[in-house]
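Everything on this sheet refers to the single structure shown next.
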Amino acid sequence: MPDILEMTLFELVEAVKCGEIERDEPFEAYIERIKKVNSDYNAYITINERGRSSGAGILEGAPIAIKDCICTKGIRTTCASKILSGYVPPYDATVVTRIKAEGGAITGKTNMDEFAMGSSTENSGFFPSLNPWDRNRVPGGSSGGSAVAVSARMAVAALGSDTGGSVRCPASFCGLVGIKPTYGLVSRYGLVAYANSLEQIGPLTRNVRDCALMLNTIGGYDPRDSTSIPRRAEDYLKYLEMEVKGIRIGVPQDFFGDGTDPKVEKAVWDGIHALEGLGATYEETSLPSLKYALPAYYIIAMSEASSNLARFDGIRYGTREDDEGMNWEESFSRTRGRNFGSEVKRRIILGTFALSSGYYEEYYLKALKARTLIRMDFQRLFKDFDILVGPTMPTPAFRIGEKTEDPLTMYMSDIDTVSINLAGIPAISVPCGFADGLPVGMQIMAPPLGEGRLIRAAKGVEEELRLDLRPPI
């Protein structure tokens, strides 16, 4: 009997299809595992014991975890916030509908930074998630619970959302593969919005093949999402068989700036040289506008968050505090003041300020102009290179509590990821080595709709380096 928990997504689905294991066996094995160890890692907020597979398809029998900002019919969706602690959506997000249609089984809803605002999952309104490689360290964020679930064998694959690195960061910190798709490739219908113009849903898996399979499932046009790209679905598995030979790699030195751990830099270069050994060529280059990425990102993201989160007032949505005798303004302030966490309140205040009269042109408009410069810089580089490569994160996973007292230090950890969301291009994080025994992710970037290039290159890195990515669980 195979060890179900150690099978990859692709192996598990094939085993179910050929009758080697029964369709419900994987779900039962994973639920048993979740009940046993979830309290050790805090991967899940809500466990779905009735989520068995209900049909055949390319994910038949596969236990999939869903980030808690993605709506699931009949399963509470809290965004890791007390203000939504009892909210149960009446519908499934499009990505969840597609997973179910292909035979996937939903194991539950995973922990995250509240409303996806963070890079460590320490901002959860309930509890921090712990990294399976070292439980004294963060798993990354904001999709930290999804990464922990996959890494600690509590799901065979998971969905996260990526607004400024929230899939790629936990993938890097937990030794997984995570992809942020082209903006509009994956439907955002049913995703509780943080920053509409930046975010995309993406998969977290144990290897590149599984990532391609998940992208096959969730990608494609959705008329219910006005940002969805009207194009035919693509089979990303075919890129796994393509050679890396001839790929032109650009290595912008701006991604290796101050604060990059030398061990991270070495691991990324090991990945680059692995591709070189397969016949790719590389050249060092520059992305001058990268210095504007972090401030532009946070101004735009916080401004959109300020607008999006206005709906959570205890009247239309969410928890409502006892407000007898209060007027609307007093009730609104009490409910939000008591049920939003400190990071969410910080970002709402800063976003409101950036959009306020007299400051809109000074901050928000300038940020939009910087965004255009960043997009144009990427376009320029993609005329000469097929892909760009750099670190996913400047350091390996940091210790729990290490950055919580200084929000700016936490924001700086996003320096290598946010530009991709501003430009709307796809990027993948693939493990390329270790630093002090902790996984390091290599970020590969491609032009819009270039997911095939990402999968092709990431598969080359994976096969050449052959890293042992099982954490000491």
### Message
Take the conditions out of contact with any helix residue (DSSP H, G or I) (no Cβ under 6 Å at 6 or more places or on another chain), part of a strand (DSSP E or B) and buried (at least 24 other Cβ atoms within 10 Å of the Cβ) and apply them to residue 178. Does it pass?
### Response
no
### Query
Only one of these conditions is not met by residue 102: (1) of a type in the set (D, E, K, R); (2) surrounded by 24 or more Cβ atoms within 10 Å (Cβ to Cβ); (3) farther than 15 Å from residue 43 by Cβ. Which number is it?
(2)
### Query
Say we look at region 211-228 and pick out the residues that are outside any loop (DSSP other than H, G, I, E, B) and not hydroxyl-bearing (Ser, Thr, Tyr); which of these is nearest to residue 183 (Cα to Cα)?
219
### Message
Being touching a helix residue (DSSP H, G or I) at 6+ places or on another chain (Cβ under 9 Å), modelled with pLDDT under 95 and not charged (D, E, K, R) is the requirement here; does residue 233 meet it?
### Response
yes
#### Entry: Odd one out for residue 438 among (1) touching a helix residue (DSSP H, G or I) at 6+ places or on another chain (Cβ under 6 Å); (2) surrounded by 21 or more Cβ atoms within 10 Å (Cβ to Cβ)
(1)
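Does residue 338 satisfy the criteria of being of a type in the set (Lys, Arg), out of contact with any strand residue (DSSP E or B) (no Cβ under 7 Å at 6 or more places or on another chain) and surrounded by fewer than 16 Cβ atoms within 10 Å (Cβ to Cβ)?
On the way: of a type in the set (Lys, Arg): yes; out of contact with any strand residue (DSSP E or B) (no Cβ under 7 Å at 6 or more places or on another chain): yes; surrounded by fewer than 16 Cβ atoms within 10 Å (Cβ to Cβ): yes.
Yes, satisfied.
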#### Entry: Some residue of region 308-324 being outside any loop (DSSP other than H, G, I, E, B) and surrounded by 17 or more Cβ atoms within 10 Å (Cβ to Cβ)
yes
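Going by the conditions given, is residue 237 in contact (Cβ under 8 Å) with a residue 24 or more places away in the chain, in contact with a strand residue (DSSP E or B) (Cβ under 9 Å, 6 or more places away or on another chain) and either surrounded by 24 or more Cβ atoms within 10 Å (Cβ to Cβ) or assigned to a helix (DSSP H, G or I) (or both)?
Answer is no for this residue.
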### Message
I'd like to check something: does region 381-403 contain any residue that is farther than 25 Å from residue 236 by Cβ, among the charged types (D, E, K, R) and part of a strand (DSSP E or B)?
### Response
yes
### Task
Restrict the check to region 61-76 and report whether at least one residue is at pLDDT 95 or above, in contact with a strand residue (DSSP E or B) (Cβ under 8 Å, 6 or more places away or on another chain), small (Gly, Ala, Ser) and not in a loop (DSSP other than H, G, I, E, B).
yes
### Query
Can you tell me which residue in region 240-255 is surrounded by the most Cβ atoms within 10 Å (Cβ to Cβ), limited to those that are part of a helix (DSSP H, G or I) and among the acidic types (Asp, Glu)?
254
#### Entry: Members of region 102-150 that are small (Gly, Ala, Ser) and in a helix (DSSP H, G or I)
116, 144, 145, 146, 147, 149
### Task
Please determine, by comparing only the residues of region 181-201 that are surrounded by fewer than 24 Cβ atoms within 10 Å (Cβ to Cβ) and of a type in the set (Phe, Trp, Tyr), which one is farthest from the chain's Cα centre (by Cα).
189
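The values are calculated or read from the model by the stated rules, or taken from the named source; none is laboratory data. Predicted, not measured: the structure shown is a model, and the values here were computed from it. Cβ sites come from the backbone with ideal geometry, for glycine too, and all protein chains shown count toward neighbours.
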